[in-house]
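Everything below concerns the one structure shown next.
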Amino acid sequence: MKSIMNSRARYPLFFTGLFVIELAGLLLKFAHITELTVEVMAGIGFVIFLLSFIVP
């Protein structure tokens, strides 16, 4: 994995993706946003999370 993306670029993407997914869940619980918005936010977070593994 080190040869694909160095940690300086990989870890911020990794944790940003997880943060967006967690934020979607918290907003659903406390801000009462719609489930569609949560699904979109979770999808965006998942894509960011995957980019931390596959982007060179």
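The values are calculated or read from the model by the stated rules, or taken from the named source; none is laboratory data. Fair warning: this is a prediction, and the values are worked out from it, not measured in the lab. Virtual Cβ from ideal backbone geometry, glycine too; neighbours counted across all protein chains shown.
Values computed for the structure shown
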| quantity | calculated |
| --- | --- |
| Cβ pairs under 7 Å, 6+ apart, first in the range 41-56 and among the polar types (S, T, N, Q), second assigned to a helix (DSSP H, G or I) | SER52/ARG10; SER52/LEU13; SER52/PHE14; SER52/GLY17 |
| Residue ID - modelled with the highest pLDDT, chosen from residues in the range 23-56 that are surrounded by 11 or more Cβ atoms within 10 Å (Cβ to Cβ) and hydroxyl-bearing (Ser, Thr, Tyr) | THR37 |
| Residue list for the range 34-56, restricted to those being small (Gly, Ala, Ser) and under 17 Å from ARG10 (Cα atoms) | GLY45, SER52 |
| Candidate set from the range 1-12 (those that are assigned to a helix (DSSP H, G or I) and surrounded by fewer than 17 Cβ atoms within 10 Å (Cβ to Cβ)); member that is modelled with the highest pLDDT | PRO12 |
